[in-house]
1. Residues to consider are 66, 15, 109; find the one that is free of Cβ contacts under 8 Å to residues at least 24 places away in the same chain, surrounded by fewer than 20 Cβ atoms within 10 Å (Cβ to Cβ) and of a type in the set (S, T, N, Q).
2. Consider only pairs whose beta carbons are under 9 Å apart and that are at least six residues apart or on different chains; among these, list those whose first residue lies in region 259-270 and is modelled with pLDDT under 95 and whose second residue is assigned to a strand (DSSP E or B).
3. Could you grab me the full set of residues in region 30-63 that are surrounded by 15 or more Cβ atoms within 10 Å (Cβ to Cβ) and on the phi > 0 side of the Ramachandran plot?
4. Output the number of residues of region 303-343 satisfying the condition of being buried (at least 17 other Cβ atoms within 10 Å of the Cβ), more than 15 Å from residue 353 (Cβ to Cβ) and not aliphatic (A, V, I, L, M).
5. Being outside any loop (DSSP other than H, G, I, E, B) and touching a Gly at 6+ places or on another chain (Cβ under 9 Å) is the filter here; which residues of region 265-290 pass it?
6. Considering region 77-106 alone, what residues qualify as being assigned to a helix (DSSP H, G or I) and either surrounded by 20 or more Cβ atoms within 10 Å (Cβ to Cβ) or touching a helix residue (DSSP H, G or I) at 6+ places or on another chain (Cβ under 6 Å) (or both)?
7. Mind checking which residues of region 291-332 are part of a helix (DSSP H, G or I) and in contact with a strand residue (DSSP E or B) (Cβ under 8 Å, 6 or more places away or on another chain)?
8. Between a first residue in region 71-87 that is in the same structural domain as residue 53 (by TED's automatic domain parsing) and a second residue that is among the basic types (Lys, Arg), which pairs have beta carbons less than 7 Å apart while being 6 or more apart in sequence or on different chains?
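The values are calculated or read from the model by the stated rules, or taken from the named source; none is laboratory data. From a predicted model like this one, the values you see are computed outputs, not experimental measurements. Reconstructed Cβ throughout: ideal geometry from the backbone, glycine too, with neighbour counts over all protein chains shown.
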Amino acid sequence: MRILHFADLHLGVETYGRIDPATGLSSRLSDFLVALDQLVDYALNNDVDLVLFCGDAYKSRDPSQTYQREFAKRIRQLSASDIRVFLLAGNHDLPHAIGRATAVEIFDTLAIENTTVANQPQSYRIETRKGPLQIVALPWVRRSKLLSREDTKNLSLDEINVRIQDILTQWLDAEIANLDPGLPAIFAGHLSHSSSTPGSEKTMLVGRDYVLTLSSIANPAFDYVALGHMHNQQRVDHPVPVVYPGSLQTIDFGDEGHEKGFYIVELDETAVRSRRVRSYEFHPVKARRFLTIKVNADTDDPTAAVLRAIAKNDVENSIVRLQIKVPAEKEGLVQENEIRKALKEAYFVAAINKEVEREHRSRLGSHSAEGITPLEALQLYLESKKTPKDRAQLLLEYGERLIREGKNNV
């Protein structure tokens, strides 16, 4: 059985894009759809039995009709090819108010063939071309769904999160107890666990996450733990694979240097529990490159120093930010027009930042210039320059000698 696991698509991210005059849409939409199309093509051409999506289809809880249409087109391609699709709701898929539909609920409402939507914590039996599969699904859960106002009265945010963690852990334990050990089982969740590392999702979060312990989800009753929510690809391999594929496309500079893509999981459905996973491998997609160029421009020609730094990097089709460190007296020599010409092949210039170094006078703390001796002034100066202790002591001795000799000659 072959499973494709991905998460955190976030259609609707328009940062660092331009409006296409022909369509009126952000050029960044194309970036995200190109990545999604690579995934769909892989599934269609490589005998994938199940596409498992672990949350956050859109950036916004109220995605535009255009974004919904483009996502639905790709889901339809998969389902029409007899590939089972499992869609888990993430925090960005939840509506602003209880009672409203989630952003992915429409697939369930329309009863799209071969497609299952998990909006609530629940266990599912999914029939694939290679046989049945159990999925214990934990979408992002609102605090108000688990705790009443009375429950949270006089509790801090940390205490509330602990309550949520306890409730979800107890629920998960109960679902694990009901699993059929003779069938493959996957836990699919949109959540943070205690060993996960945040990435670009930090800029998209509101408030603080509840966190489940790694030990509570990495249960040997599962063959594979498929997660979403963290945008950097990461995994824990023991006692069972616990995997975040990361976001499918680069979102901001928090993703700089990270590969983007999806995981392919090979299961032997005929094997016994704990021996079903044959392999799980990351498959990268072509994603938009983010590039930070840092330049120390403390030279006679700071613009030339910046241009040399740009020339050393492949900026073509990249989203670029430039960080220039320059002394205050040379700030006026930085020619931004020339720099922008050198960056003309970039997809988008996010920023040209100048960190201007200004010379600071040594502070005397609580002392006034009239109230300290020359030797004390020298000591304060050496401390401000962080002079090594041995050298500072030697200079103070020389200073004291010169001061004494000067007094004797008066």
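1. Values: 66 fails: free of Cβ contacts under 8 Å to residues at least 24 places away in the same chain; 15 fails: free of Cβ contacts under 8 Å to residues at least 24 places away in the same chain.
From the options 66, 15, 109, the qualifying one is 109.
2. Every condition considered, the pairs that remain are 269/128; 269/131; 269/132; 269/133; 270/131.
3. Selection gives 55, 56.
4. 3
5. At the first step, the residues of region 265-290 found to be outside any loop (DSSP other than H, G, I, E, B) are 265-267, 277-284, 290.
If the condition is that a residue be outside any loop (DSSP other than H, G, I, E, B) and touching a Gly at 6+ places or on another chain (Cβ under 9 Å), then 282, 283, 284, 290 are the ones that fit.
6. Step one: list which residues in region 77-106 are assigned to a helix (DSSP H, G or I), which gives 77-80, 91-93, 106.
Hits for region 77-106 are 77, 78, 91, 92, 93.
7. 302, 305, 306, 309, 310, 328, 331
8. 82/129
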